[in-house]
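Before any comments, here is the structure.
The values are calculated or read from the model by the stated rules, or taken from the named source; none is laboratory data. Treat the numbers as computed from the prediction; the structure is a model and nothing was measured. Cβ placement follows ideal geometry from the backbone for every residue including glycine, while neighbour counts extend to all protein chains displayed. The accessibility values were calculated without ligands, DNA or RNA, using every heavy atom of the protein model including side chains. Shrake-Rupley method; radii C 1.70, N 1.55, O 1.52, S 1.80 Å.
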Amino acid sequence: MSVIHTIKETPSNPQGLCALTTGNDASLLAYPGSDANGLVQIFDCKNLRNLSTITAHDNPLAALAFDQNGQKLATASEKGTVIRVYAVANGQRLFEFRRGVKRCVAISSLSFSVDSLHLAVSSNTETVHIFKLEGTQPAEVESAGLFSYFNSALKVAASYLPYNASDVLNQDRAFATVHLPSSGLKTLCGIRAMNDSPRVLVVAQDGFIYIYTLDPTEGGECVLYRQHNLADEGGSSQPSAAKPTQSSSANPRSSPIKSDDGGPDLRLDDENEFPAMSKTDI
């Protein structure tokens, strides 16, 4: 193995923050272009050249993520209140979402759904936000109900306000939310289709995996569908002695959850999927 190319003069990046495309159409790398602000450098790994630079935030970057096709890039800064989505081709800002205004948090992960219609954002708080990446047409606003009409009216009124106030009112809020049982832990999140339904997966620093339902039409509060404790030596979320012996077809917890987005099926067969670990395995 030999070095093919070296990217020189990169800023300090103690967290190793970067993002890589996963599709076959592009081989792109995004990394911080500055440690003083939210500058993003996009590098073409196939042609070994700098592709573009995006000034994403005023504060240093905290998280980056490409969508499945490498056409969109989501960014968050160390301030943690605003999430932005850019077009990779021209650097145009496509969406801007507000996670919150009351407190600055540490964003730990950004994740697009496979169809690039939703973006999940997790942090060190107990809330995971899911944003919907769709433009709203005037006809759709009228049919969407009173809330959407009120939101549209706010955006019109924002055009008459000073720039900072206008910017805040024009930022869309979360389409759906997940409330975890605890806060203060680093988490990673993702959205996958399972059994013909979208699910939000959250992995927490304490070793728990949480799976929540997501209503792709209405959004709102996501409901806990399943949880699993990887830190348990038995690899189970329940005491092993309390589990009846059943075939996998009769036990919904041991049957595989079919993946509809091309990935492997997710199986939470407690004893078989996660066998007991000895102390030497940790």
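Quick check: anything in the stretch 37-53 in contact (Cβ under 8 Å) with a residue 40 or more places away in the chain, part of a strand (DSSP E or B), within 18 Å of S122 (Cα to Cα) and open to solvent by less than 20 Å² (accessible area, probe 1.4 Å)?
no
So which of V156, V178 ends up being farther than 15 Å from A74 by Cα and at pLDDT 95 or above? Quick ask: steps written out before the conclusion?
On the way: V156 fails: at pLDDT 95 or above.
One residue alone meets the criteria, V178.
Name the residues in the stretch 95-143 that are buried (at least 21 other Cβ atoms within 10 Å of the Cβ) and modelled with pLDDT under 85, would you?
Selection gives R99 alone.
How many residues does the stretch 87-123 hold that are in a strand (DSSP E or B) and either among the basic types (K, R) or over 15 Å from the mean Cα position of the chain (by Cα) (or both)? Full working, then the answer.
Narrowing the stretch 87-123 to residues in a strand (DSSP E or B): 87, 93-98, 107-112, 118-123.
Remaining after also requiring either among the basic types (K, R) or over 15 Å from the mean Cα position of the chain (by Cα) (or both): 87, 93-94, 98.
Total satisfying the criteria: 4.
Would you be able to tell me the number of residues in the stretch 54-87 that are free of Cβ contacts under 8 Å to residues at least 24 places away in the same chain and in contact with a Ser or Thr (Cβ under 6 Å, 6 or more places away or on another chain)?
Within the stretch 54-87, residues that are free of Cβ contacts under 8 Å to residues at least 24 places away in the same chain and in contact with a Ser or Thr (Cβ under 6 Å, 6 or more places away or on another chain) number 1.
I'm checking my understanding of the structure. Among residues of the stretch 216-230 that are open to solvent by 70 Å² or more (accessible area, probe 1.4 Å) and part of a loop (DSSP other than H, G, I, E, B), which one is modelled with the highest pLDDT?
Looking at residues that are open to solvent by 70 Å² or more (accessible area, probe 1.4 Å) and part of a loop (DSSP other than H, G, I, E, B), I get V223.
Looking for whichever is closer than 19 Å to S122 by Cβ and of a type in the set (G, A, S) here; the options are A89, A26, A74. Which one fits? Give the steps one after another, and end with the answer.
Working: A89 fails: closer than 19 Å to S122 by Cβ; A26 fails: closer than 19 Å to S122 by Cβ.
That would be A74, the only listed residue that is closer than 19 Å to S122 by Cβ and of a type in the set (G, A, S).
Can you say whether K79 is within 27 Å of V128 (Cβ to Cβ), open to solvent by 60 Å² or more (accessible area, probe 1.4 Å) and part of a loop (DSSP other than H, G, I, E, B), as far as the supplied structure shows?
yes
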